[in-house]
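J.: Right, I'll just put the structure down here and ask away after.
The values are calculated or read from the model by the stated rules, or taken from the named source; none is laboratory data. No experiment lies behind these values; they were computed from the predicted model shown. Cβ: placed from backbone, ideal geometry, glycine included. Neighbour counts: every protein chain shown. Note: areas computed on protein heavy atoms with side chains; ligands, DNA, RNA excluded. Shrake-Rupley method; radii C 1.70, N 1.55, O 1.52, S 1.80 Å.
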Amino acid sequence: MKLRQLLYVHEVAKRGLNVTAAAEALYTSQPGVSKQIRLLEEELGVDIFRRSGKHLVELTPAGRRILDYVERLLAEAENVQRVADDFHRSDRGDLSLATTHTQARYALPPVIEKFRHRYPKVKLHLHQGSPPQIARMAAEGQADFAIATEALEHFEQLVMLPCYHWNRCVLVRPEHPLAKVKRLSLQQLAEQPLVTYTFGFTGRSKLDQAFAAHGLKPEVVLTAVDADVIKTYVRLGMGVGIVADLAYDESADADLVRLRADHLFEPSTTHIGFRFGTFLRGYMYDFISLFAPHLSRGLIDEVAAIADTLERQTQVAKRISQLQMF
């Protein structure tokens, strides 16, 4: 049994049993991947994949069990390499972040600038996506950290740490009637066509909950994942914009009037997350602390240990609840 063979099994399963796609992702040949998987199956004495002709159609029952252990082994192999790198090359490596547009555009630039100055030899990779996509990238190891606010139910496979609270603001053109309002109400806002985030992005659920709690049904005429796109359509007069307050730039957005809305909506909390059992290198701890200064290395380790224990307990509890007691 070779680590490379286990990697091939994992990649084929991740690619929906598409051996060609797995081979391309691993920069090797399709026949080579197929041959190594066959050799592993012969050595183990069981089929990992069920086949129809030359095509893989599904994981066998044994294959599903084996894949669980393969994923753990590969994660631990990655940790071994990270430990070695942390002692041998503590100031260099890679750091991959998966997040939304708002975080990438407004919250992360000053953090990344400081981090880059401190660790010039660390290569940074920034991936943008929806909360489910962000969670999947971190859970599958494509990203070291997931940074998100919305849909935390998708992040159950990650240790999630709270970073900061934030709220929204309302943007209108200077000639808009609301521009003169001293203290905006939800009723006034609900009477206007709204331009805001797509559901599932950037704390949108808090906005919907606030209107629903007061029996209001606003007309949302346009949604986008990008605060800059929202501001563009506010400028065109399409409606009133609701964005994260941190997305307002006093210089770049001087042509828009910002109205406070923190009295209208519950604050949201942005979290940073990583896979259970991940060995965090020194510069990874530093990145978290730059993004959220209250998260010290000791606190991160403490929370991760507790979360890992609770995760295991939750998995056991779920399995027990599925059993029928006789």
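J.: Hey, any hits in the range 277-297 for a residue that's among the hydroxyl-bearing types (Ser, Thr, Tyr), open to solvent by 50 Å² or more (accessible area, probe 1.4 Å) and modelled with pLDDT of 85 or more? Explain how you work it out, then say what you get.
T.: Just the residues of the range 277-297 that are among the hydroxyl-bearing types (Ser, Thr, Tyr), to begin with: 278, 283, 285, 289, 296.
Filter again for open to solvent by 50 Å² or more (accessible area, probe 1.4 Å), leaving 296.
Narrowing further to those that are modelled with pLDDT of 85 or more: 296.
Checked the range 277-297: at least one residue is among the hydroxyl-bearing types (Ser, Thr, Tyr), open to solvent by 50 Å² or more (accessible area, probe 1.4 Å) and modelled with pLDDT of 85 or more.
Every residue, every condition in (1) touching a residue at least 12 places away in the same chain (Cβ under 8 Å); (2) among the aliphatic types (A, V, I, L, M); (3) under 29 Å from Leu3 (Cβ atoms), yes or no:
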residue: Glu76; (1), (2), (3): yes, no, yes
residue: Asp85; (1), (2), (3): yes, no, yes
residue: Ala98; (1), (2), (3): yes, yes, yes
residue: Glu113; (1), (2), (3): no, no, no
residue: Pro120; (1), (2), (3): no, no, no
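J.: Condition test on Gln157, is it surrounded by fewer than 20 Cβ atoms within 10 Å (Cβ to Cβ) and farther than 30 Å from Lys14 by Cβ? Break it down into steps so the answer makes sense when it comes.
T.: On the way: surrounded by fewer than 20 Cβ atoms within 10 Å (Cβ to Cβ): yes; farther than 30 Å from Lys14 by Cβ: no.
Against the criterion (surrounded by fewer than 20 Cβ atoms within 10 Å (Cβ to Cβ) and farther than 30 Å from Lys14 by Cβ), Gln157 does not qualify.
J.: Looking at the range 17-33, can you tell me whether even one residue there is under 30 Å from Gly282 (Cα atoms) and acidic (Asp, Glu)?
T.: Within the range 17-33, none of the residues are under 30 Å from Gly282 (Cα atoms) and acidic (Asp, Glu).
J.: Against the condition of a type outside the set (S, T, N, Q), closer than 30 Å to Arg168 by Cβ and open to solvent by 50 Å² or more (accessible area, probe 1.4 Å), how does Pro31 come out, does it pass?
T.: No, not satisfied.
J.: Same structure again: Looking only at the range 205-253, which residues are in contact with a strand residue (DSSP E or B) (Cβ under 7 Å, 6 or more places away or on another chain), open to solvent by 30 Å² or more (accessible area, probe 1.4 Å) and not in a loop (DSSP other than H, G, I, E, B)?
T.: Listed by number, the residues that qualify are Lys206, Glu219, Val220, Val221, Leu222, Thr223, Tyr233, Asp245, Leu246.
J.: Name the residues in the range 131-147 that are open to solvent by less than 10 Å² (accessible area, probe 1.4 Å), in contact with an Asp or Glu (Cβ under 8 Å, 6 or more places away or on another chain) and under 24 Å from Glu76 (Cβ atoms), would you?
T.: Ala138
J.: Right, here's the next one. Hey, can you tell me all the residues within the range 48-104 that are of a type in the set (Val, Ile, Thr) and in contact with a helix residue (DSSP H, G or I) (Cβ under 8 Å, 6 or more places away or on another chain)?
T.: Hits for the range 48-104 are Ile48, Ile66, Val70, Thr99, Thr100, Thr102.
J.: Another question, then. Can you tell me which residue in the range 165-200 is nearest to Gly273 (Cα to Cα), limited to those that are crowded, with 17+ Cβ neighbours inside 10 Å and of a type in the set (Phe, Trp, Tyr)?
T.: Trp166
J.: Do the conditions hold for Leu124, that is, is it in a strand (DSSP E or B) and modelled with pLDDT of 85 or more?
T.: yes
J.: Which residue out of Tyr69, Tyr119, Tyr106 is among the aromatic types (Phe, Trp, Tyr) and either under 30 Å from Glu250 (Cβ atoms) or open to solvent by less than 20 Å² (accessible area, probe 1.4 Å) (or both)?
T.: Tyr106
J.: Here are some conditions: (1) open to solvent by 20 Å² or more (accessible area, probe 1.4 Å); (2) farther than 28 Å from Gly298 by Cβ. Pro162 meets all but one. Which one does it not meet?
T.: (2)
J.: Within the range 254-269, count every residue that is in contact (Cβ under 8 Å) with a residue 40 or more places away in the chain and either over 28 Å from the mean Cα position of the chain (by Cα) or open to solvent by 60 Å² or more (accessible area, probe 1.4 Å) (or both).
T.: 10
J.: From the list Thr60, Thr100, which one is open to solvent by less than 50 Å² (accessible area, probe 1.4 Å) and touching a Ser or Thr at 6+ places or on another chain (Cβ under 7 Å)? Break it down into steps so the answer makes sense when it comes.
T.: Working: Thr60 fails: touching a Ser or Thr at 6+ places or on another chain (Cβ under 7 Å).
Among Thr60, Thr100, only Thr100 is open to solvent by less than 50 Å² (accessible area, probe 1.4 Å) and touching a Ser or Thr at 6+ places or on another chain (Cβ under 7 Å).
J.: Pick from the range 1-21 the residues that are surrounded by fewer than 17 Cβ atoms within 10 Å (Cβ to Cβ) and of a type in the set (D, E, K, R): which of them is nearest to the chain's Cα centre (by Cα)?
T.: Arg15
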